[in-house]
Each structure stands twice: as structure tokens, then as C-alpha cells.
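Okay, structure first, notes after.
The values are calculated or read from the model by the stated rules, or taken from the named source; none is laboratory data. This is a predicted model, so every value here is computed, not measured. Glycine gets a Cβ as well: all are built from the backbone with ideal geometry, and neighbour counts include every protein chain shown.
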Amino acid sequence: MRTVSEPDQPEQPPNERPTADSGSQRRTRAETAENRRPRQSAPVDNDSLGPAQRVAPTWTEPLAAELSKPFGGGLGRHAQIGRQWFWTPLRVILLLAVLLLASGWLLKAPCTQTYETGQGHQSVDWRQHRQYTALCYTDLIPRYEKGDLASDDAFPYKTSWVENRGTPQQQVRYMEYPVLTGLFQWVNAKFTDGWTSLAQYGLLPTSASSVVYFDISAFWLACAWLVTVWALTRLCRFRIWDAALAAISPLVFVHAFTNFDALATALATTGLLAWARRRVGLAGVLLGLGAATKLYPLLLLGPVLVLSLRAGRIREGLRCLIAALGSWLVVNLPIMVLFPRGWWEFFRLNNTRPADPDSLYNALMHYTGWAGFDGPLSHGEVPAVLNAVSFALLLTGCALIAWLGLSAPVRPRLAQLCFLVVAVFLLTNKVWSPQYSLWLVPLAVLAVPRWRLLISWMLVDAAVWAPRMYYFLGTSNKGLPEGWFLGAVLVRDAMVVVICALIVGEILRPGKDKVRRTLTADPHGGFLDGTRDRFVLPAPSLPDRLRIGRASSPVPSRPPRTS
């Protein structure tokens, strides 16, 4: 049975760090200093944490310390923490998120400009490739103009349209998104119809229907990202300011309104929050609903099951899995039965897609001249070998992560394994659409809250958008060649690999993990936090520099369970 040591003390400012004093002496001095403080009548916020339990980023993060200098510097040694009645950390972080989301909407605004057509109707002005030159492309506008949303009697998965009519590539198409995302688009289309109807009577401002649809969808997507940030502040309880990394993320600025992925991040993050609060059934329901918007929240169930097995709480892990599958079926089964052809479109399209421009496979083909696993393919032909290789690599990566979770000297944190699984999925998958990087933002904040590293990665990832747009513009229109774009893709992938390597290193040497320096071993672990290991695989022989003592892991906040 593995043993654990006494908990590390909370983070302190550099000039306040103890040297060789014992933990009891530090606590005695802290209690004495607290007793000497004059009583304050200012109201406290509703956060139950005391000052000693909070981690101040200006004490622990060099980047935060530098950014705070124009505003008076970092937190002082005599500062009163938790006494602000209105500008609490939650409200400040949400305000930052609102400002960034508003900036993200302005980034897309050039693509909502309109002009009058010959028939007197307004149309989105994407002439002269504005969507690429202005870096404002969004999937929301062309999605509305497809036949399954704009017409009055359309219903997703039932209504179809013909693509590339009159060409050899002609094909019948249906809604290509998972069910909840498709229904979200349909509801927003109905709101758009209502808006335009009222606008005809002068009750509301008017614009092209696709612009109204974009604005309505963007509002709900912004709300979804605010829910993501709120859930992060609850998950980052001891390190609440880490959630600001998601609130000010450059990836959110660029991609919050590129597609519908904010819906999935909201459901996935609230699912992790429910698990952290020991609401196992609710966690499964939220993750299942997230999988009905984008499939990636389903990947998070793997780490839940692995860590539940290690902690001897497999029953809770299976309850979460069953609840997730149940909620996914409740949403999907009616569409699956009523409109099977439309429901299958999402899977058919992903099966027939070749290597995406952003994928490692495409970069390998470009730089080596390799024809790919399947060679030249005709339109609609399934890249069977590529699909098999991608799936095999994903399974191998997940198996290695599961082995790491079951054999690490100290049980990994849930967020660490979740980030690794999603990162492996993106790196090995044949499709990495640029907005998929939003999936990693909340998980990165929870798994490895190192501000300079995460800000650097997010800046690099967001910067990929510019060469991507100018690559799609084409060299004939003064765009960029493919090599420039793929070079940026490889730099982004390298940054994600570096973060994965750092997480693995902190799993093997948990004393380096900043989150474990708080008063709990895994603040997101729910039932797993504070339990002893029950099932552990033998670890391989490691180099001396990677070996750790069993007592080097900070302890859980509660005594280990014995039953």
C-alpha cells in the first residue's frame, strides 16, 4: 500500500518563503500574525477559502508579476484577501472574458458586411475573398446558407440538398454535425426568421439573414464560453486566477465564433466540475451531452475510468460512463430512428475525409513528396488505410496514457490525463480544424497552469490562423504557399508535444506539480481525492533523475479511505 506525506504549505511570495523552519513553526508564526491583525468590518466574499489557502499569481508566476507592475505591482504582504464585496476574482475574470469575446466578434465583423444585390436583397459581402484577406472567416455564415437551415420548412437530418449539382462530384448532403449542434443551429435559424419578420415592420434593425443568424449564434456561443470560464473558476478553487488564462486566451479571440466548439467546451468543463463535486451521475450526463455536440468530451471518460480503477472506485467510474451513454442516446436515438440517413452523415463525412490541411499527415506528404497511405483518391473515396493508421495510433496513445495512469509512482491528477488524451487525439487524427484547439484550453489551465508556457502556446496556435487564411487565398491571389502554413502547423504541434512532455514529467515527479502544492492532491478528483491506491501496475525501471520517493507526493486534503 502506498503511503503519502504531509501536505506542502501554500505558495508564498519569494521574499516570504521559509528556509529551514519546520511546518509547525511556520503555522505558529502565521497564527500569531493573524491574531495581531486588527479586526476588519469589511464584508467578505462568499468564497470560503482563507488567505493562507489562496495562491496569488503575482507571487508564483513571473509573467503575472511583470504584468501587475503598471497597476501598482503584485499583492503586498499585508494585503487583505477576500474582502472585496463586488470585484471578486470571479467577476473580474468574467469581465475579462466578456471583453475578449467582444474583441473576437469584432474580428469577425468584416465578414458580416453586406451589399445590395441586383434584386434589392442584402447579401454578405465576401467578394474579393474578403473572408481570407480580412482573417474573418467563420463557418457560421455558410452553414446558414445551406439548404437545411435557410428554408422555412427545413429540419436538420431530414432536409437534404444537392452539392456540386451537374458535376461528377454531385452528391446529396445532410446536416454534417452531431445532433445537439445541428439542433442548436436549427433553433438559431428559427430565431433568425422571427427577427427578420419583426424587422420588416420596423421593430428591429435589419440586415442580411445570414448576418442576423451569425449574431444570434455568436451570442449563445459567447454565453457558452462564459460558462466554461465560470466552471474553470470553480475547478481552480485554490488557484482561481489561473482561469484568467482561458478568459484572455488568444485562441478564444480568434476561434470563439469560427465554429460551434464553445458548446462542447462548456459541457465538458461543467462535467469535470460535477465530477469534482462528487456528482457522478450529473458529470456523466454533461459529458454525454458534450459528446452529442462534439465527440471529444467522450474521450474524458477514459481517464475517469482509469483513475477510478486505480483508486478502487470503479463503481463511480462506471456510473459516470453509463450516465454519459444514456444522455447521448436520449439525444441521438430519436434522430437515429426517424432520419437514419441524415444522422449517419456526420460519420460518413468523417470517414471519407482525406488528411486535413492542418494534420501531421498532410505536412509529411508536403515535405517528403509522399503520396500518402492510400495514394491518390477520387472524390468521395474512403482513405481506408489512413483511417486505420490514425485509429491505431490513437489506441496506442490511449493505452500508453492508461498505463501511465496505473503505474505512475503517485496517482496522476484527472486533468493531466484528460489533456494528454485529447492532445493525442488531435495529434494522431487526420483532421485538426483550427477551432479544435479550443478543446485544449480549459484542460491545459487545469493540467499545467504555467502562465508563460500556456500563453506562448496559445499565441503560436492562434497565429496559425493567418497563414492558413492566406494559404486558402491561393498564390494566384497573392496568398502564401502551402509550406509557410504547414511550417506554422508544425510549430504549433511541437508546442503541444512540449506541454504533453511537461505533464508526463510532473506525473513522474509530482513534487514539480504546482497544483499539488495546494492543500489537496487532486482538486478535480472528486471521489478519487484522498483515497488509497487499490490497483497499480508495476512501473518500469527509470533513470535516477526520474526516480521519486514515495513520500515526495503532497497528501490529499482528507485522510485516505480505509474501506
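Quick notes on this structure:
- When we screen ALA423, ALA324 for residues that are at pLDDT 95 or above and in contact with a Cys (Cβ under 6 Å, 6 or more places away or on another chain), the only hit is ALA423.
- So ALA539, is it in the same structural domain as ALA402 (by TED's automatic domain parsing) and over 23 Å from SER407 (Cβ atoms): no
- If the condition is being β-branched (Val, Ile, Thr) and surrounded by 20 or more Cβ atoms within 10 Å (Cβ to Cβ), then region 95-137 contributes THR112, VAL124.
- Identity of the residue in region 314-351, within 15 Å of GLY284 (Cα to Cα) and either small (Gly, Ala, Ser) or in contact with a Phe, Trp or Tyr (Cβ under 6 Å, 6 or more places away or on another chain) (or both), that ends up surrounded by the fewest Cβ atoms within 10 Å (Cβ to Cβ): GLY326
- Candidate set: region 203-222, residues that are free of Cβ contacts under 8 Å to residues at least 24 places away in the same chain and in a helix (DSSP H, G or I); chosen: the one surrounded by the most Cβ atoms within 10 Å (Cβ to Cβ): VAL212
- Considering LEU438, LEU406, LEU427, the condition of being surrounded by 18 or more Cβ atoms within 10 Å (Cβ to Cβ) and either within 17 Å of the chain's Cα centre (by Cα) or more than 30 Å from ARG534 (Cα to Cα) (or both) is satisfied by LEU438 alone.
- Verdict on ILE335 being in contact with a helix residue (DSSP H, G or I) (Cβ under 6 Å, 6 or more places away or on another chain), at pLDDT below 95 and of a type in the set (A, V, I, L, M): no
- All conditions but one from (1) closer than 20 Å to LEU305 by Cα; (2) not in a loop (DSSP other than H, G, I, E, B) apply to ARG278; the one that does not is (2).
- Screening LEU299, LEU305 for residues that are closer than 26 Å to LEU404 by Cα and either without any contact (Cβ under 8 Å) to a residue 24 or more places away in the chain or not assigned by TED's automatic domain parsing to the domain that holds LEU414 (or both) leaves exactly one candidate, LEU305.
- Restricted to region 301-401, the set of helices (runs of 4 or more DSSP H) holding at least 3 residues that are aliphatic (A, V, I, L, M) comprises 301-311, 314-338, 360-368.
- Qualifying residue in region 163-176 (condition: in contact with an Asp or Glu (Cβ under 6 Å, 6 or more places away or on another chain) and either hydroxyl-bearing (Ser, Thr, Tyr) or crowded, with 21+ Cβ neighbours inside 10 Å (or both)): yes
- For LEU183, the criteria (1) in contact with a helix residue (DSSP H, G or I) (Cβ under 7 Å, 6 or more places away or on another chain); (2) modelled with pLDDT of 90 or more; (3) part of a helix (DSSP H, G or I) hold in every case but one, which is (1).
- Contact map, region 148-176: first residue within 14 Å of TRP344 (Cβ to Cβ) and without any contact (Cβ under 8 Å) to a residue 24 or more places away in the chain, second residue among the hydroxyl-bearing types (Ser, Thr, Tyr) and in a loop (DSSP other than H, G, I, E, B), Cβ cut-off under 6 Å, separation 6 or more or different chains; pairs are VAL172/SER160.
- Selection within region 473-483 - assigned to a helix (DSSP H, G or I) and farther than 17 Å from ASP356 by Cβ: LEU473, THR475, SER476, ASN477
- Extreme residue, surrounded by the most Cβ atoms within 10 Å (Cβ to Cβ), among residues of region 277-301 that are within 24 Å of PRO523 (Cβ to Cβ) and among the charged types (D, E, K, R): ARG279
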